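Asks: This structure is in structure tokens; I'll ask about it shortly.
The values are calculated or read from the model by the stated rules, or taken from the named source; none is laboratory data. Bear in mind the structure is a predicted one, so any value in this text is a computation, not a measurement. Positions of Cβ are backbone-derived with ideal geometry, glycine not excepted, and every protein chain shown enters the neighbour counts. These area figures cover heavy atoms from the full protein model, side chains too; ligands, DNA and RNA do not enter into them. Shrake-Rupley method; radii C 1.70, N 1.55, O 1.52, S 1.80 Å.
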Amino acid sequence: MTPVLVARDVRKDFPNGDEVTRVLSGVDLELASGELVALLGVSGSGKSTLLSILGLLLTPTSGQIHIAGERVDDLSDRGRTLFRRRRLGFVFQAHHLLPDFTALENVAFPAAATAGGITSEIRARAADLLRRVGLEARMDFRAPRLSGGQKQRVAIARALINEPVLVLADEPTGNLDRQSAEQVLELMREMNRDQGITFLICTHDEHVAAQCSRRIQLSDGRVESDTGAT
Amino acid sequence: MFAFTVARRYLLSSPGQTGLLLAGVALGVTVFVFITALVEGLAVRLTDEVTANSAHVSLQPQTRTARILEAPGLRAEGVALVSTFQRQQIREWRQVVALARAQAGVAAISPQISGSAFLVRGEAVQPVSVTGVEPESLDVVSPISTRIVEGRAQFGADGILIGRRLADELGLSAGQPVLLRTDRGAERLLTVRGIYRTGLQSLDERVAFLSLRTARPLFRLPEGVTNIEIKLDRPEEARALARFLEEATGLRSTPWQEKNTSLDDALIAQGQTGRLIQMFSLVSIVIGVASALVLSAYRRRPEIGIMRAAGVSSGFIARVFLLQGLMIGLIGALVGCATGYGVSAWLASLTGPDGDPMLPIAPERGGYPAALVLTTLGAVLASLLPARAASRVDPLEAIQQ
């Protein structure tokens, strides 16, 4: 299958006073289109740093990254912003919904900010996404009126509004109770299965990893194991 | 514009905080408007009081001084002497009056013979400044005929009009005779035709009015006049007309501002004080808006972070905060202008026991366009700092906050 993401020898050092702390020590990674991948590792293994670099929120110290065939590790700040908007979706542990906006407006926001407003086309797309995550009855609810699981489902819908090639999820169920976590996981699996969206889920939860088709184990800034690759 | 929708939603999300912020801006603008209306009102009142009872432009003969005459080939030095006995006068006054009358904005002209004299009644002698005027021009410089408190404002062949204080000092009443002795050594028995009270001590105590015809023999001026007084529709145009007439006629031309330099200085100082207070009002508005929006930008860092992560541009984030500043400035300025006008109009309507306004305030001169533009501009400038801070939020740091 066509690789959605190719990372070669990605390294990341953080200056720490006079010393340098190496967090990633040459990560090689390749994700095919339509994969549901769990990125595992103990605390300090570098999985969150790798996710941030792959999401263009952090620049690598060295190495090359290609997403959807485009080299992205050397993009400018503006270029990274544009690429994130066009190609990537994010789901974080904390949903960070805009509290002054409705569920529909939150989903539509990333597209509306570029289009200059919530056009009828964006509204329809956002409404469709909310229907798919099972929140059509909560579209006009402001974020504070939604439950934790509902908020995270809105966050997933928001991540999909610009039709990304890759969704990066950082502990998406970390703040949820078991039932809500199951619902959110099922939703991501459904989106992956039905629409072929590629998910890279950073987690330390074995239960979450078990739902994914592929497991990448990170240890001391390197890929320790990679099982289930297509 | 979506940034506008977001900015509006942000402001409406904390109605209490936004309300307080708007109240602060409106209060600053109210102070701005009130001070402007007060300073302008005071200036208008002072200027009106001065210009209502004095000429706006005065024309007089040039002061002649002795000078050395020089010419090529002249061996001996020549000196042009000035006679102290010769009365300075404007001989061609009719042409000058015609020229002045042809100028736009000239409301009235009064050719006059002015001089010093004594009024004698029995043993009592009082120095007076005599003004000979054409009867129809009596009210050109000061409204005299409407201020007559005894007798009538008519000169007749031997009439004189004097002020109330002077009449009291000499024990005179309308219809009584009085002897006028001028500085030219002429004297004549005149009849007090009318007594006026203007409220101005200088006029009521030391000025007497005669007809121009009566004044001529008394001041030995069979043809000319000593000065020409001009009133304008707009006193502030006096300097320009004075300059023109001086160049055109060669006469010494003095605008009212030069005769009242202390008033001019006082108005300038007062204006500067007003501007200082206005500036402080604006500075307080700018600080208030900036601090509120800086706090808002800090509070919303995680939201801004998620927007940035989702590919929303830093320019969009900056616009949201600039638009908040614009809305706060504009709405605050509009409310402040309305409140400032209301307060000024209410204060202007308060009158003292004599029926005069207690405060010389001009509500219509509150500097509303300046208040609106400066406040809005100031609020937008104040939002630059938070807008810049918000647009530079690192998405990763903000999300992890």
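Asks: Filter the range A:61-82 down to the residues that are within 14 Å of chain B (Cβ to nearest Cβ), more than 14 Å from the chain's Cα centre (by Cα), hydrophobic (A, V, I, L, M, F, W, C) and outside any loop (DSSP other than H, G, I, E, B) and list them by number.
Replies: A:82 - this is the single residue of the range A:61-82 that is within 14 Å of chain B (Cβ to nearest Cβ), more than 14 Å from the chain's Cα centre (by Cα), hydrophobic (A, V, I, L, M, F, W, C) and outside any loop (DSSP other than H, G, I, E, B).
Asks: Return yes when residue A:20 is touching a Phe, Trp or Tyr at 6+ places or on another chain (Cβ under 9 Å), in contact (Cβ under 8 Å) with a residue 60 or more places away in the chain and assigned to a strand (DSSP E or B) and no when it is not.
Replies: Details: touching a Phe, Trp or Tyr at 6+ places or on another chain (Cβ under 9 Å): yes; in contact (Cβ under 8 Å) with a residue 60 or more places away in the chain: no; assigned to a strand (DSSP E or B): yes.
Against the criterion (touching a Phe, Trp or Tyr at 6+ places or on another chain (Cβ under 9 Å), in contact (Cβ under 8 Å) with a residue 60 or more places away in the chain and assigned to a strand (DSSP E or B)), residue A:20 does not qualify.
Asks: Which condition number does residue A:135 fail, the rest of (1) crowded, with 18+ Cβ neighbours inside 10 Å; (2) at the interface with another protein chain (Cβ under 10 Å from one of its Cβ atoms) being met?
Replies: Going through the list (1) crowded, with 18+ Cβ neighbours inside 10 Å; (2) at the interface with another protein chain (Cβ under 10 Å from one of its Cβ atoms), residue A:135 breaks only (2).
Asks: As an exercise: evaluate residue A:110 against (1) over 21 Å from residue A:175 (Cα atoms); (2) open to solvent by 20 Å² or more (accessible area, probe 1.4 Å); (3) touching a helix residue (DSSP H, G or I) at 6+ places or on another chain (Cβ under 7 Å) and give the number of the one condition it does not meet.
Replies: (2)
Asks: Next up: Just to verify a result, which residue in the range A:60-82, among those that are within 13 Å of residue A:23 (Cα to Cα) and among the polar types (S, T, N, Q), is least open to solvent (accessible area, probe 1.4 Å)?
Replies: A:62
Asks: Moving on. Only one of these is aliphatic (A, V, I, L, M) and more than 14 Å from every other protein chain (Cβ to nearest Cβ): A:168, A:130, A:160. Name it.
Replies: Being aliphatic (A, V, I, L, M) and more than 14 Å from every other protein chain (Cβ to nearest Cβ) holds for just one of A:168, A:130, A:160, which is A:130.
Asks: Looking at A:29, A:82, A:39, A:75, can you tell me which residue is within 17 Å of residue A:170 (Cα to Cα) and of a type in the set (A, V, I, L, M)?
Replies: Details: A:29 fails: within 17 Å of residue A:170 (Cα to Cα); A:82 fails: within 17 Å of residue A:170 (Cα to Cα); A:75 fails: within 17 Å of residue A:170 (Cα to Cα).
After applying the criteria, what remains is A:39.
Asks: Now, a different point. Of B:161, B:138, B:166, which residue is within 26 Å of residue B:48 (Cα to Cα), touching a residue at least 60 places away in the same chain (Cβ under 8 Å) and either of a type in the set (D, E, K, R) or crowded, with 16+ Cβ neighbours inside 10 Å (or both)?
Replies: Exactly one residue qualifies, and that residue is B:138.
Asks: Of all residues being open to solvent by 30 Å² or more (accessible area, probe 1.4 Å) and closer than 14 Å to residue A:163 by Cβ in the range A:83-105, which is nearest to the other protein chains (Cβ to nearest Cβ)? Just the residue, please.
Replies: Applying the filter and picking the extreme gives A:85.
For (1) at pLDDT 95 or above; (2) open to solvent by less than 40 Å² (accessible area, probe 1.4 Å); (3) of a type in the set (Asp, Glu), each residue gets a yes or a no:
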{"residue": "B:352", "(1), (2), (3)": "no, yes, no"}
{"residue": "B:355", "(1), (2), (3)": "no, no, no"}
{"residue": "B:361", "(1), (2), (3)": "no, yes, no"}
{"residue": "B:364", "(1), (2), (3)": "no, no, yes"}
{"residue": "B:371", "(1), (2), (3)": "no, yes, no"}
{"residue": "B:376", "(1), (2), (3)": "no, yes, no"}
{"residue": "B:381", "(1), (2), (3)": "no, no, no"}
{"residue": "B:389", "(1), (2), (3)": "no, no, no"}
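Asks: Moving on to the next point. Take the conditions of a type in the set (Ser, Thr, Tyr) and within 14 Å of chain A (Cβ to nearest Cβ) and apply them to residue B:296. Does it pass?
Replies: yes
Asks: Would you point out the residue of the range B:308-340, among those that are without any contact (Cβ under 8 Å) to a residue 12 or more places away in the chain and open to solvent by less than 10 Å² (accessible area, probe 1.4 Å), that is farthest from the other protein chains (Cβ to nearest Cβ)?
Replies: Filtering first and then ranking leaves B:312.
Asks: Pairs under 6 Å by beta carbon, first residue not assigned by TED's automatic domain parsing to the domain that holds residue B:320 in the range B:2-20, partner aromatic (Phe, Trp, Tyr) and open to solvent by 20 Å² or more (accessible area, probe 1.4 Å), six or more apart or different chains?
Replies: Within 6 Å, no pair qualifies.
Asks: Would you check if residue A:176 is open to solvent by 10 Å² or more (accessible area, probe 1.4 Å) and away from every other protein chain (no Cβ under 13 Å)?
Replies: Yes.
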